[in-house]
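The values are calculated or read from the model by the stated rules, or taken from the named source; none is laboratory data. As the structure is a computational prediction, the values presented were derived from the model and not from experiment. Cβ coordinates were reconstructed from backbone atoms using ideal geometry, including for glycine residues, and neighbour counts include every protein chain displayed. SASA here: full protein model, heavy atoms, side chains in, ligands and nucleic acids out. Shrake-Rupley method; radii C 1.70, N 1.55, O 1.52, S 1.80 Å.
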Protein chains: 2
Amino acid sequence: MDETAPQKGTVTQRAIEQIKALIAEGRLEPGERLPTERDLAARLGISRSSMREAIRALTVMGVLEARHGSGIYVTQLEAGDLLETFGVVADLSRGPQLVELLEVRRILESTATGLAAARITAGELAEVEKHLAAMNETDDPEEILSHDLAFHRAIVAAAGNGSMAAILEGLSSRTFRARVWRGYQQEDAFERTRREHAAIHRALVAHDPEAARAAAAAHVGEVEQWLRTQLSS
Amino acid sequence: MDETAPQKGTVTQRAIEQIKALIAEGRLEPGERLPTERDLAARLGISRSSMREAIRALTVMGVLEARHGSGIYVTQLEAGDLLETFGVVADLSRGPQLVELLEVRRILESTATGLAAARITAGELAEVEKHLAAMNETDDPEEILSHDLAFHRAIVAAAGNGSMAAILEGLSSRTFRARVWRGYQQEDAFERTRREHAAIHRALVAHDPEAARAAAAAHVGEVEQWLRTQLSS
DNA sequence: CAGCCGTAGTGGTCCGACCACCCGAGTGGT
DNA sequence: ACCACTCGGGTGGTCGGACCACTACGGCTG
């Protein structure tokens, strides 16, 4: 009953595709536990080393999760799991590509902020305000960055699209922003950032999607423009 | 002179971070060739097996590229390389998450189409029209899907943001759309799709960004809405 | 000089052993 | 009867070495 699939590509690559297919076909449910590495290797007729590489690949993709001493499990396959590696793109990009990513972020984040303005609840708004206040009460750049991230994260979460939130999370990865800000915050940007955040907050309170969208677009666009001019010099 | 870095996480994970750091710090340029697996393993004081898993992980991320018999090379680190795995998300998502991804695609693709309307050249427009015509002259669903993909790909390419194009490529992966369309095309959607494509094309010819944006948003939004109602039933 | 061809070196695969960790069954005490 | 502890089996993690498949380069041949 074995398929004896002809050789196409490397053995490991085949194993990756086969396991991925099992999940795509629904024969492996999210959270379910897989057979042991040794079993899987024997089943596909490959060595454990190759199977381990395949598992490693799927682990990196966020499809599988290996727990030492326990077993291998399928993740919940939520956007957060699968888009974890997305941050690597932002970490390794540079130059013109950074501007491109910032443009993507501007588009998505402005839309998300607009959606949030329409849907945000009192509780979610309180979370946003917590970080807004905390950000205004400290001068430690590290802490400001943290609350800046949390501020936007809370807003995006209120938009209700988990996948979009996961993508934006990658585009706002800590190292990514730290790199851009390294020079940016030396300008008069601190005060400007606070004003822009205040504008976004006002629009959220007023439940005004259009104003929120514009404010968020302007906010990200400021950084984008600054970075653009930096590159041309 | 060895660092003797204390144990944090698994050995392989450490190796991944170290190589990634080498690239982020610019000590490894895009296209450059790395030392051999055996060298790298010895250098970091780990076994070749573990090093291979680390390399496999970075290969999956699109950071490295292994050429059998030749060596390991750093990719060009362009968006296309790094976002290759993005398609897996679309392939493995289902249910409500598909709607979320389609919403992201609607936002990005409408913006990209708007940008394209403003910037598109005569040559790029000809490419778009080629696929538009080909799509109207066949009834083979498989071929229609191909030209549909190429139609949108050509437009997005004209927007001039390679990173955005790479993300949309993942969100429009073949298997993703095939799954959604399986039922969709049984409706009166064929004719409607052609009309919508024509509308997008008209806006491109007129170099009217706002019209192009609206047409693209409506186009993707149609499918999105259909999928949404499918899920609630 | 052009083209073939062998060989050194690379990644790809396999094997078997051992280590580090998790978990549940069994054991002892209360 | 119940609980806490222990300990063993099974799991993923690591290691070292061997061999295979392929590429690239240089010398050899015509």
Checklist entry - Which residue pairs have Cβ atoms under 7 Å apart, sit 6 or more places apart or on different chains, and have a first residue in segment B:59-77 that is away from DNA strand D (no atom under 15 Å from the Cβ) and a second that is of a type in the set (S, T, N, Q) and at pLDDT 95 or above? => result B:G62/B:T75; B:V63/B:T75; B:L64/B:T75
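Inspect segment A:31-45 for any residue being in contact with a Pro (Cβ under 8 Å, 6 or more places away or on another chain), away from chain B (no Cβ under 13 Å) and part of a helix (DSSP H, G or I) and give the result as yes or no.
Of segment A:31-45, the ones in contact with a Pro (Cβ under 8 Å, 6 or more places away or on another chain) are A:43.
Next, from what is left, pick out any that are away from chain B (no Cβ under 13 Å): A:43.
Now drop any that are not part of a helix (DSSP H, G or I), which leaves A:43.
Within segment A:31-45, one or more residues are in contact with a Pro (Cβ under 8 Å, 6 or more places away or on another chain), away from chain B (no Cβ under 13 Å) and part of a helix (DSSP H, G or I).
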Next on the checklist: Here's a check for you: in segment A:12-45, which residue that is of a type outside the set (G, A, S) and within 15 Å of B:E53 (Cβ to Cβ) is nearest to the chain's Cα centre (by Cα)?
Outcome noted: A:I16
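Look through A:I72, A:I16, A:I46 and report the one residue that is of a type in the set (A, V, I, L, M, F, W, C), more than 9 Å from DNA strand C (Cβ to nearest atom) and touching a Ser or Thr at 6+ places or on another chain (Cβ under 9 Å).
Values: A:I16 fails: touching a Ser or Thr at 6+ places or on another chain (Cβ under 9 Å); A:I46 fails: more than 9 Å from DNA strand C (Cβ to nearest atom).
Of the residues listed, the single one that is of a type in the set (A, V, I, L, M, F, W, C), more than 9 Å from DNA strand C (Cβ to nearest atom) and touching a Ser or Thr at 6+ places or on another chain (Cβ under 9 Å) is A:I72.
Suppose we keep only residues that are assigned to a loop (DSSP other than H, G, I, E, B) and open to solvent by 80 Å² or more (accessible area, probe 1.4 Å) within segment A:11-30. Which one would you say is farthest from DNA strand D (Cβ to nearest atom)? Show your work before the answer.
We begin by selecting, within segment A:11-30, every residue assigned to a loop (DSSP other than H, G, I, E, B); these are A:25-30.
Restricting the remaining residues to those that are open to solvent by 80 Å² or more (accessible area, probe 1.4 Å) gives A:25, A:27, A:29.
Working: A:E25: 21, A:R27: 17, A:E29: 17 Å.
Among them, the one singled out is A:E25.
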Checklist entry - When residues of segment B:134-162 are filtered for being touching a Lys or Arg at 6+ places or on another chain (Cβ under 9 Å) and either without any contact (Cβ under 8 Å) to a residue 24 or more places away in the chain or over 20 Å from B:T113 (Cα atoms) (or both), how many remain? => result 4
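Return a yes/no flag: does segment B:82-98 have any residue that is part of a helix (DSSP H, G or I), acidic (D, E), more than 11 Å from every other protein chain (Cβ to nearest Cβ) and crowded, with 16+ Cβ neighbours inside 10 Å. Working first, answer last.
Taking segment B:82-98 and keeping what is part of a helix (DSSP H, G or I), we get B:82, B:86-92, B:96-98.
Still in the list and also acidic (D, E): B:91.
Next, only the ones that are more than 11 Å from every other protein chain (Cβ to nearest Cβ) stay: none.
No: segment B:82-98 contains no residue that is part of a helix (DSSP H, G or I), acidic (D, E), more than 11 Å from every other protein chain (Cβ to nearest Cβ) and crowded, with 16+ Cβ neighbours inside 10 Å.
Identify, from the list B:L115, B:L125, B:L92, B:L64, the residue that is under 22 Å from A:V60 (Cα atoms) and either assigned by the TED database to the domain that holds B:R194 or more than 18 Å from the chain's Cα centre (by Cα) (or both). Please lay out each step first, then the result.
Details: B:L115 fails: under 22 Å from A:V60 (Cα atoms); B:L125 fails: under 22 Å from A:V60 (Cα atoms); B:L64 fails: either assigned by the TED database to the domain that holds B:R194 or more than 18 Å from the chain's Cα centre (by Cα) (or both).
Just one listed residue meets the conditions, B:L92.
Residue check: is A:L77 open to solvent by less than 70 Å² (accessible area, probe 1.4 Å), part of a helix (DSSP H, G or I) and of a type in the set (A, V, I, L, M, F, W, C)? Spell out how you get there, then give the answer.
On the way: open to solvent by less than 70 Å² (accessible area, probe 1.4 Å): yes; part of a helix (DSSP H, G or I): no; of a type in the set (A, V, I, L, M, F, W, C): yes.
When the stated conditions are applied, A:L77 does not pass them.
Report yes if some residue within segment B:128-150 is at the interface with another protein chain (Cβ under 9 Å from one of its Cβ atoms), surrounded by fewer than 22 Cβ atoms within 10 Å (Cβ to Cβ) and of a type outside the set (G, A, S); otherwise report no.
If we filter segment B:128-150 for residues that are at the interface with another protein chain (Cβ under 9 Å from one of its Cβ atoms), which is where we start, we get none.
No; the residues of segment B:128-150 include none that is at the interface with another protein chain (Cβ under 9 Å from one of its Cβ atoms), surrounded by fewer than 22 Cβ atoms within 10 Å (Cβ to Cβ) and of a type outside the set (G, A, S).
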Item to check | Check on A:M51, surrounded by 12 or more Cβ atoms within 10 Å (Cβ to Cβ), free of Cβ contacts under 8 Å to residues at least 40 places away in the same chain, within 14 Å of chain B (Cβ to nearest Cβ) and within 14 Å of DNA strand D (Cβ to nearest atom) | outcome: yes
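Select, from B:E169, B:E191, the only residue that is within 14 Å of chain A (Cβ to nearest Cβ), in a helix (DSSP H, G or I) and open to solvent by 50 Å² or more (accessible area, probe 1.4 Å).
Details: B:E191 fails: within 14 Å of chain A (Cβ to nearest Cβ).
None of the other options fit; the residue is B:E169.
Is it fair to say A:I72 is assigned to a loop (DSSP other than H, G, I, E, B) and either modelled with pLDDT of 95 or more or outside the structural domain of A:G162 (by the TED database) (or both)?
no
Residues checked against (1) more than 26 Å from B:I107 (Cβ to Cβ); (2) among the hydrophobic types (A, V, I, L, M, F, W, C); (3) out of contact with any strand residue (DSSP E or B) (no Cβ under 7 Å at 6 or more places or on another chain):
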| site | (1), (2), (3) |
| --- | --- |
| A:D188 | yes, no, yes |
| A:H201 | no, no, yes |
| A:E210 | no, no, yes |
| A:A215 | no, yes, yes |
| A:G221 | no, no, yes |
| A:Q225 | no, no, yes |
